[in-house]
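Each remark here refers to the structure printed beneath this line.
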């Protein structure tokens, strides 16, 4: 009888450890998915902001150029548009690395913004 109780105790311990291990695995997997989602959302927000800033800078630049503004003002606007264009790269790369399935859409959005002129 004592042997049977010991066997049941060992089996129960092993099964309990297995269940806990599966629960920990599922929890860790869920946390990784959530972290990926959070990083992707952050990159998407940064890319959206950078694209909007670049569109605005390009509009100002072209408006100055077309209205015959002073060359110094046009040059300053050109410099500002170069800064905003550079700000697009990091979130673009991050988003494509985190969510490669949206690469075509990200490229299209960036290309459309760059082709404003």
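Just a few scattered comments:
- Nearest-ten-degree value, helix 71-98 long axis tilted from longest Cα axis of the chain: 20
- Helix axis angle, 103-114 relative to the chain longest principal axis, alpha carbon, degrees: 20
- Counted residue by residue at 0.36 nm each, then reduced by the alpha carbon distance between them, the extension gain from residue 101 to residue 45 reaches 18.4 nm.
- Rounded to the nearest 10 degrees, the angle from helix 2-66 to the longest Cα principal axis of the chain is 0 degrees.
- Taking a point 7 Å from the Cα of residue 114 along the Cα-to-Cβ direction, the residues of the range 49-89 with backbone N closer than 16 Å to it are 50-52, 54-55, 58, 81-89.
- When each of the peptides 62-72, 11-21, 44-54, 76-86 is scored by how many other beta carbons lie within 10 Å of its residues on average, the order from highest to lowest is 44-54, 76-86, 62-72, 11-21.
- If you plug the beta carbon distance of residue 79 and residue 30 into 1/(1 + (r/R0)^6) with R0 = 41 Å, you get a FRET efficiency near 0.35.
Only the coordinates and a few stated rules stand behind these numbers; no lab work does. Nothing here was measured: the structure is a model prediction, and the numbers come from that model. Cβ coordinates were reconstructed from backbone atoms using ideal geometry, including for glycine residues, and neighbour counts include every protein chain displayed.
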